[in-house]
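A short write-up of the structure that comes next.
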Amino acid sequence: MFSKTTYVICTVIAWFTFCALGLSQDVQGSPNPPADVTSPVAAPNEIEAPTHAFWDRTNTLLFIGVGVFRGLDYASTRNMQARGREEILLPDDVVNNSAAFAAVEAAGTAASIGLSYWMHRTRHHKLERWVSIVHISVTGFGVVRNYCLDSKHPPVPTK
């Protein structure tokens with residue numbers, strides 16, 4: 001249907017789009033005031049709005065979800081290969097090596113947690129959660145796609 005190059009290009013474009021959206025968010029969530037308007041100086045004893053802890057319940061559940069769906073991706077890809085299909089996003093050297101493929105899945109989970117932490121540190125708390133939500137959604141789509149593909153086994157000869 002689509003070539004491997006097309007999938008890679010679309011993935012890279014989507015990744016840069018999400019990164020650009022994350023970097024363009026304003027810390028306070030409101031547009032910058034015009035240059036001629038002076039903003040009031042905050043009093044030294046004024047306290048910032050409280051933020052949540054990084055390892056709160058919501059993030060922990062989202063990270064567990066990312067890990068579970070990466071595990072499902074591993075299992076669905078192995079199942080797809082057992083049915084005679086071929087992986088289109090990763091080279092065969094990686095996918096056919098169980099340890100390397102498991103390491104790629106674990107690295108994907110770690111990268112998602114790391115990106116969420118970066119968003120947390122830069123006070124993009126909504127994007128911090130959305131990183132995991134999008135990761136779960138995209139991985140879930142891939143899992144369903146892998147299980148829905150037809151087998152490519154040669155037909156059984158009839159006598």
### Query
Can you list the HN-Hα couplings for the range 98-113, worked out from phi with the Karplus curve (6.51, -1.76, 1.60; θ = phi - 60°), rounded to whole Hz and with x for Gly and Pro?
4, 5, 5, 5, 5, 5, 5, 5, 5, 5, x, 5, 5, 5, 5, 5
### Task
In nm, give the distance between the simple-model label positions of residue 110 and residue 55, each being 7 Å from the Cα along the Cα-to-Cβ direction.
1.7
### Task
State the extension gain, in nm to one decimal, for the chain segment bounded by residue 64 and residue 83, taking 0.36 nm per residue of separation less the distance between their alpha-carbons.
4.0 nm
#### Entry: Cα shape, the range 76-150, gyration tensor, a/c 1.5 rule
oblate
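Rule-based calculations on the coordinates, nothing more; no lab input. Note that this is a predicted model, so its numbers are computed, not measured. Note that each Cβ is placed from the backbone with ideal geometry, even for glycine, and that neighbours are counted across all protein chains shown.
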